[in-house]
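Colleague: Sharing a structure with you now.
Rule-based calculations on the coordinates, nothing more; no lab input. Just so it is clear, the model here is predicted, and its values are computed rather than measured. Reconstructed Cβ throughout: ideal geometry from the backbone, glycine too, with neighbour counts over all protein chains shown.
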Amino acid sequence: MSTKLAVAAVYTPTLGRRPALLALLSDYWALTKPEVNFLILVTTFVGFTLGCANEGLKFSWLALFNTLLGTLLVASGTATLNQCIEREYDSQMRRTAWRPAAAGRVQPRAVLAFGVALSVAGTSYLTFAAGVLPSVLALLTLLSYLFLYTPLKRKTPLCVFIGAFPGAMPPLIGWAAASGRLTTEAWLLYAILFLWQFPHFMAIAWMYREDYDRAGYLMLPKGAGRFPFVILQTMLPLLALVPVSIASLPAQRDGICFWSEVLLGIGFVCFGLEFIVQRSRESARRLLRASIIYLPLLCALTLLTERGTPSTGLNHADVHARPPCTLTISTTMADTSSKCRQLSQSRNRNPDFRLTASTNPGNRAPTGQQLRAGIGSQIACS
C-alpha cells in the first residue's frame with residue numbers, strides 16, 4: 001500500500017491550476033488511450049482502402065468514416081474497460097500510476113459505465129453503418145482482449161502471443177467493412193500486424209520490467225529464461241515480418257516502393273538486433289520508436305504500391321447484398337470490350353458475379369463472341 005501511495009503521489013498530475021471541467025474531460029480522453037487508437041485507425045484505414053481496391057469497388061468516404069468511427073468507439077471502450085479492470089495494478093507502476101482510474105481521479109463505476117457505453121455504441125454503430133461482419137470482428141476483439149489477454153498478463157509470459165490475436169484485428173475490420181468478406185490478402189495484412197506486435201511489446205516489457213515485476217505482471221519470464229524468451233519473441237517475428245510484408249504487395253509492384261519496403265524491413269531488423277545484443281533501456285527505447293515509425297510507413301508504402309483495380313461502379317450496399325451480384329451494363333459497341341475487361345477481375349474474385357449487357361438505342365447488340373473477347377469465357381454474357 002505504501003508503494004502505491006508513493007508512486008501515485010509522484011506521478012499524479014497537479015490539477016489545481018486547471019478548470020475542473022477541463023480536467024475531467026482530459027481524464028476521460030486519457031481513458032480511451034488516444035495514442036494507441038491512432039495506430040488502430042491507421043491500420044483500419046489501410047484495410048478498408050485495400051479492401052476496396054482488391055475487390056474493384058468504388059471508394060466511399062462515408063463508408064470509411066462509418067468504419068473508422070465505429071472502430072474508434074469500440075477501441076476506446078476496450079481501453080477504458082481494461083483500465084477499470086487493472087486499476088489496482090496500474091497504481092503500482094510508475095508508467096501507469098498517473099492514469100485516471102489508477103490515480104482515483106475518476107471513480108470505478110464511472111469508468112465502467114463509460115467503457116460499456118463506448119463499446120455498445122461502437123458495436124451497434126458498426127452493425128448498422130458498416131455491416132455485421134466488421135461488428136462481429138470488433139466484438140471478438142473486445143472480448144478476447146478483456147477476458148483472455150488481460151487476465152493472462154498476471155499468469156503467463158505467453159500473454160503477448162495471446163494478445164497479438166485481437167491486437168491484429170483492425171485491418172480485418174476495415175477490409176470486412178469495405179468488401180463484406182475476408183480474402184487471403186486481408187489475412188496477410190492481419191499477419192503483418194500480428195508479427196509487428198512482438199518486437200513492439202518486447203521493447204516496452206524490457207523498458208518497464210521493474211514496473212511489471214512490482215505489479216505482478218508476467219510479461220517476461222523470471223530467472224534464466226528471460227533473455228532467451230526476449231530474443232525469440234523479438235527476432236523470430238521480425239525475421240518473418242519482412243517476407244510476409246513483401247508477400248502482401250500486389251503482383252505488379254513499383255520498383256521504388258518494393259525496395260523501400262525491403263529496406264524499411266531490414267532497418268527494423270537492425271534495431272531488433274541492437275536490442276537483443278545490448279539489452280539496455282536505451283536500445284529498447286530505440287526499438288520501440290522504430291516500431292512506431294515502421295508501421296505507418298509500411299502502411300503508406302503498401303497503399304502507394306497498390307495499383308488498385310478499375311471500379312465496377314458497385315457500392316457497399318451491393319457488396320453486402322451478395323451473393324449473387326448481377327451488374328447490367330448499357331453500352332455502345334465502341335466501349336463494350338474495355339468495360340468488360342474492367343469487370344474481369346471482379347469475376348475472378350467473386351464466383352457469384354454475373355454480367356448482363358445491353359446496348360443503347362440505335363446500336364447493334366454485341367454478340368457473345370465480342371463480349372467474351374473482353375472478359376473471357378468464364379462470364380456468361382447475353
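Colleague: Kirkwood-based Rg over Rh for the range 46-143 (C-alpha set), two decimals?
Modeller: Values: Rg = 16.5 Å, Rh = 14.7 Å.
Ratio of gyration radius to Kirkwood radius: 1.12.
Colleague: Tell me, what is the FRET efficiency for F128 and T183 to the nearest 0.05, using R0 = 22 angstrom and their Cβ-Cβ distance as r?
Modeller: On the way: r = 24 Å, r/R0 = 1.10.
With R0 = 22 Å, the Cβ-Cβ based efficiency is 0.35.
Colleague: In addition: Using the Kirkwood radius over Cα pairs, work out the Stokes-Einstein diffusion coefficient for the range 138-283 at 25 °C and 0.890 mPa s, in µm²/s as a whole number.
Modeller: Numbers: Rh = 16.6 Å.
Estimated via Stokes-Einstein, D reaches 148 µm²/s.
Colleague: Oh, and also: Rg (Å, one decimal) plus Dmax (Å, integer) for the alpha carbons of the range 2-305?
Modeller: 19.8, 62
Colleague: Shifting gears a bit: Exposure proxy check: S248, S179 ranked by fewest other beta carbons within 10 Å? Write out the running numbers ahead of the final one.
Modeller: On the way: S248 21, S179 30.
Ordered from fewest to most neighbouring Cβ atoms within 10 Å, S248, S179 come out as S248, S179.
Colleague: When all C-alpha to C-alpha distances in the range 18-64 are sorted into bins of 10 Å, what percent of pairs does each bin hold, rounded to whole numbers?
Modeller: Answer for the range 18-64: a P(r) of 23, 30, 22, 18, 7, 0 percent.
Colleague: Could you work out, for the range 89-190, what percent of all Cα-Cα pairs fall into each 10 Å distance bin, beginning at 0 Å and stopping at the bin that holds the largest distance?
Modeller: Whole-percent P(r) values from 0 Å outward: 14, 33, 35, 16, 2.
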